[in-house]
Amino acid sequence: MVLVDIRETPSAKAADIFLQIRPGKDFEVLTILRALIKGQAVEAEAVRPTGLTLEQLQDLAQRLKKARFGVLFFGMGLSMTRGKHMNSAAALTLAAELNAFTKFVAMPMRGHGNVTGADVVLRYTTAYPFGVSLSRGYPRFNPGEFSTVDLLVRGDTDATLVVGADPGATMPQPAIEHLRRTPTIVLDPKVTHTSRLAKVHITTAATGISAPGTVYRMDEIPLPLRPILHSPYPTDEHVIRSIRQTIQNRGGGFLPTPDHLQIA
Amino acid sequence: MELSVVQNAVCTFCGCVCDDIELHADGQRIVETKRACILGEAWFKHHTAERLYPAALIDGREASLEEAIACAAEILERADLPLIYGLSNITCEAQREAVWLAETVGAVIDSHTSL
C-alpha cells in the first residue's frame with residue numbers, strides 16, 4: 001500500500017511506502033506519473049517542486065504497472081486544493097491509462113453513507129454523477145458552475161432544499177450566508193445547524209434505522225436496509241414526493257405539460 | 001417493552017456501508033450493536049424512535065408537516081434557480097424522488113461528491 005499525503009497521518013503506519021508531497025502539487029505529481037508510465041522523459045528538475053525525487057516517482061510508476069489489480073483511492077484533499085476538479089480528473093486519467101498495462105480502477109473515498117447512491121441515481125437518471133442543472137429542462141453538467149459551493153458563494157441560486165446534509169456546519173462562510181439570505185428548506189432527522197438558518201425544517205425518519213430503502217456501498221454494491229425502529233416522523237422519500245405532488249397538483253412546475261403546448 | 005433483534009442490519013454512517021451488524025432494540029431505542037465499529041455504534045445509538053423534535057419548523061416556529069410541505073412547495077416553485085443539495089444520507093428511493101422534484105422545478109441537483 002502506497003500512501004500519498006501532504007502530512008504524515010496515522011494511516012502512514014499502515015502503509016508500505018509513504019510519499020509526502022508539497023501542498024497543492026497533486027496535479028503535478030499525477031501528471032508526471034502519467035508521463036513516466038508511458039516511458040516519456042522527465043527531468044529531475046521538474047519533479048523537485050513536488051517535494052519528491054524522480055527516483056521515488058519512477059519506482060512508484062513501476063509498481064503501478066506491475067500490479068495485477070490496482071486501486072487508486074482518492075479523498076477530498078484532492079478536490080479541495082488548488083486545481084480542484086482538474087486534480088480528480090488527473091487521478092481518473094492516470095487510472096484509466098494504467099489499463100494499457102494492467103487492471104486498474106479508481107475509487108473515491110466516501111465520508112457519508114449513501115453518496116455513492118447519489119452518484120449512481122443521478123447517473124442513471126440524468127447521465128451525470130453530480131452538479132447537474134435541469135434549469136433548461138435537460139441535464140447539463142459542469143463542475144465549478146453547477147457545484148453547490150460555487151453556486152452559493154456566487155449567489156446564483158434563490159432557494160435551496162437541503163436533504164441528508166448539514167452545509168451550515170461545514171461550508172465556507174459566504175456559502176452559509178447565502179443559505180441564510182435566501183429561503184432554505186431542510187429535511188433531517190435532527191434540527192441541524194442548517195435548520196437554524198433555514199426558513200423551513202421538516203423532521204424525517206433516520207435512514208437505515210427507521211427508514212427503509214436501498215443504499216450503495218462505496219464500491220457500488222447496492223444493499224437493502226433493515227430498519228429496526230418505527231419513527232414517528234415520515235421518510236425523506238415521502239416528504240420529497242409530497243412537495244413535488246403539491247406543486248404538480250397546483251398546476252405549477254417548470255416544464256410545459258402537453259396541455260400547454262399548442263401546435264398551430 | 002417490545003424487544004426486537006435484527007440480523008445483518010446495514011450501517012449507513014460512512015461509505016463502507018457494513019452489512020453484518022446485529023441490532024437489539026427495545027422499541028424506542030437501539031440498546032446493543034454487535035460487529036459495529038465505534039462510529040457505527042454511536043450512529044445507531046444516537047437515533048431513537050422518540051419524538052424529540054417538532055414535526056416541522058417555519059421561521060423557527062413549530063408547524064405541522066402539511067404546512068411545511070405547502071411552504072416548501074411554494075418556495076421551490078417560485079424560485080428562478082432552486083438548488084437541491086445533499087442526498088448523501090438518504091435512500092436511493094428518496095434520491096430518485098429528489099431528481100423528479102428537481103426536474104419539476106428546473107433545479108440544480110448536487111451531492112457531497114462535488115465537494
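Our summary gives the stretch A:44-173 a relative contact order of 15 percent, counting only alpha carbon pairs under 8 angstrom and 6 or more residues apart.
Among B:ALA98, B:ALA36, B:ALA72, the largest mean-square fluctuation in a Gaussian network model of chain B (Cα springs under 10 Å) belongs to B:ALA72.
Remark: B:TRP43, B:TRP100 ranked as B:TRP100, B:TRP43, counting other beta-carbon atoms within 10 Å and listing the fewest first.
Each Lys and Arg adds +1 at its Cβ and each Asp and Glu adds -1 at its Cβ; summed about the Cα centre, the protein assembly as shown shows a dipole of about 800 debye. Across chain A, the relative contact order, built from alpha-carbon pairs under 8 Å that are at least six residues apart, equals 10 percent. Note on chain A: with a GNM built from Cα contacts shorter than 10 Å, the maximum mean-square fluctuation among A:HIS238, A:HIS85, A:HIS178 falls on A:HIS238. Measuring nothing but alpha carbons in the stretch B:4-46 and taking Rh as the Kirkwood radius, the Rg to Rh ratio lands at 0.93. Dipole magnitude for the stretch A:115-253: computed about the Cα centre from +1 point charges on Lys and Arg Cβ and -1 point charges on Asp and Glu Cβ, it is near 380 debye. Judged by the ratio a/c of the largest to the smallest principal axis of the C-alpha gyration tensor, the stretch A:115-253 counts as rounded, that ratio being less than 1.5.
Contact order, relative form, for the stretch A:2-108: 24 percent (alpha carbon pairs under 8 Å, 6 or more residues apart, mean separation divided by residue count). When chain A is treated as a GNM with alpha-carbon contacts under 10 Å, the residue of A:GLU43, A:GLU220, A:GLU145 showing the greatest mean-square fluctuation is A:GLU43.
Here's how it looks for A:ARG226: its modeled amide H is under 5 Å from those of B:VAL10, which are all 5 or more places away or on a different chain.
On alpha carbon coordinates alone, what is the Rg over Rh value for chain B, Rh being the Kirkwood radius? Over the Cα atoms of chain B, Rg/Rh equals 1.05.
With only the Cα atoms considered, the stretch B:56-114 has a convex hull volume of 106 Å³ per residue.
Of all the C-alpha pairs in the protein assembly as shown, what % are more than 28 Å from each other? Walk me through the numbers on the way to the answer.
Numbers: 36593 of 71631 pairs.
In whole percent, the share of Cα-Cα pairs in the protein assembly as shown beyond 28 Å is 51.
Enumerate by residue number the trypsin sites (Lys or Arg not before Pro) in the stretch A:164-216 meeting two conditions: DSSP loop (anything except H, G, I, E, B), and at most 16 other Cβ atoms within 10 Å of the site's Cβ.
When the trypsin sites (Lys or Arg not before Pro) of the stretch A:164-216 are filtered for loop state and at most 16 Cβ neighbours within 10 Å, A:LYS190 remain.
Restricting the stretch B:41-72 to GluC sites (Glu not before Pro) that sit in a DSSP loop and have at most 14 other Cβ atoms within 10 Å of their own Cβ leaves B:GLU50. So if R0 is 41 Å, what FRET efficiency would A:ARG196 and A:THR93 give, r being the distance between their Cβ atoms, rounded to the nearest 0.05? Result of the calculation: an efficiency of 0.45. Tell me the net charge near A:HIS193. Cut-off is 12 Å between Cβ atoms, A:HIS193 excluded, with +1 for each Lys or Arg and -1 for each Asp or Glu. Taking every other residue near A:HIS193 into account, the sum is +1.
Across the alpha-carbon set of the stretch A:2-108, the Rg to Rh ratio works out to 0.92, Rh being the Kirkwood radius. Note on A:GLN20 and A:GLU177: the extension gain reaches 52.9 nm, defined as 0.36 nm multiplied by sequence separation minus the Cα-Cα distance. Counting every other Cβ atom within 10 Å of each residue's Cβ, B:ASP26, A:ASP119 order from fewest to most as B:ASP26, A:ASP119. Between amide H atoms placed 1.01 Å from N, distances below 5 Å from A:PHE73 occur with A:MET107, all of them 5 or more places distant or on a separate chain.
Since every read-out is calculated from the coordinates, none of them should be taken as a lab result. All values derive from a computational prediction rather than experimental measurement. Cβ sites come from the backbone with ideal geometry, for glycine too, and all protein chains shown count toward neighbours.
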